[in-house]
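*Asks:* Below: one structure in structure tokens.
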Amino acid sequence: MSYTILEELAASQQLVSTMIRISAEDTSARVGAWSLRDIAAHLAASETESFEPRIRAIAAGERPVMEFYSNDERDFSGIHLEEALNEWAETRTRLLDYVRGLSDEERARTGTHERYGDISVDRYLEIALEHDREHLLGLEHVAGELAR
């Protein structure tokens, strides 16, 4: 794993959070069917319930077998936007700090994912970054509309 992926994940989390906060000035802003609060809560839950525990299990040598994680149907209406963004930031920071402490051997360990097949810590970090970027694309569209 390169140092770069960890820095990209940290920067990505900050950029997506900033885009959500900027776009939140328009209380009607949505990305598809999701409100900005829903996106923030989805990201926090994905990090807490999927990325962090799965990466830890892989690194620990548990060889987990993982189903595709989705919380798309969850009702996030009771979640506050800032609380979700703070939870996501805390979990992402904790995950990146954990990965920085792993040996090459631990990072190379694998689990099996139903969609991606054998997956290492490094590959799971790439998937987390891809997930961030997918949401960033939608947020860029919202922010562009606000700028008009």
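The values are calculated or read from the model by the stated rules, or taken from the named source; none is laboratory data. Fair warning: this is a prediction, and the values are worked out from it, not measured in the lab. Every residue, glycine as well, gets a Cβ built from its backbone with ideal geometry; the counts of neighbours run over all protein chains shown.
*Asks:* Quickly run through region 90-148 and pick out the residues that are part of a helix (DSSP H, G or I) and basic (Lys, Arg).
*Replies:* Listed by number, the residues that qualify are Arg92, Arg94, Arg100, Arg107, Arg123, Arg133.
*Asks:* Test of understanding: among Leu129, Leu95, Leu125, which residue is of a type in the set (A, V, I, L, M) and over 11 Å from Ile5 (Cβ atoms)?
*Replies:* After ruling out the rest, the residue left standing is Leu95.
*Asks:* Can you name every residue in region 110-136 that is touching a strand residue (DSSP E or B) at 6+ places or on another chain (Cβ under 9 Å) and closer than 15 Å to Leu43 by Cβ?
*Replies:* Ile127, His135
*Asks:* Please find, within region 30-52, the residue that is nearest to the chain's Cα centre (by Cα) out of those that are of a type in the set (A, V, I, L, M, F, W, C) and surrounded by fewer than 18 Cβ atoms within 10 Å (Cβ to Cβ). Spell out the reasoning first.
*Replies:* Initially, region 30-52 is screened for residues of a type in the set (A, V, I, L, M, F, W, C), giving 31, 33-34, 36, 39-41, 43-45, 51.
Keeping just the survivors that are surrounded by fewer than 18 Cβ atoms within 10 Å (Cβ to Cβ) gives 33-34.
Values: Ala33: 19, Trp34: 16 Å.
Restricting to residues being of a type in the set (A, V, I, L, M, F, W, C) and surrounded by fewer than 18 Cβ atoms within 10 Å (Cβ to Cβ), the top hit is Trp34.
*Asks:* Among the residues of region 103-123, count how many are crowded, with 18+ Cβ neighbours inside 10 Å and among the aliphatic types (A, V, I, L, M).
*Replies:* 2
*Asks:* When you check Glu126 against the structure, is it surrounded by 13 or more Cβ atoms within 10 Å (Cβ to Cβ) and either of a type in the set (Gly, Ala, Ser) or within 21 Å of Ser23 (Cα to Cα) (or both), yes or no?
*Replies:* Criteria not met by Glu126.
*Asks:* For Gly138, all conditions in the list (1) modelled with pLDDT of 95 or more; (2) closer than 15 Å to Ser17 by Cβ hold save one; what is the number of the exception?
*Replies:* Exception for Gly138: condition (1).
*Asks:* Okay, next question. Kindly evaluate Arg94 against the criterion of being over 13 Å from Ala10 (Cα atoms) and touching a residue at least 12 places away in the same chain (Cβ under 8 Å). Full working, then the answer.
*Replies:* Numbers: over 13 Å from Ala10 (Cα atoms): no; touching a residue at least 12 places away in the same chain (Cβ under 8 Å): yes.
When the stated conditions are applied, Arg94 does not pass them.
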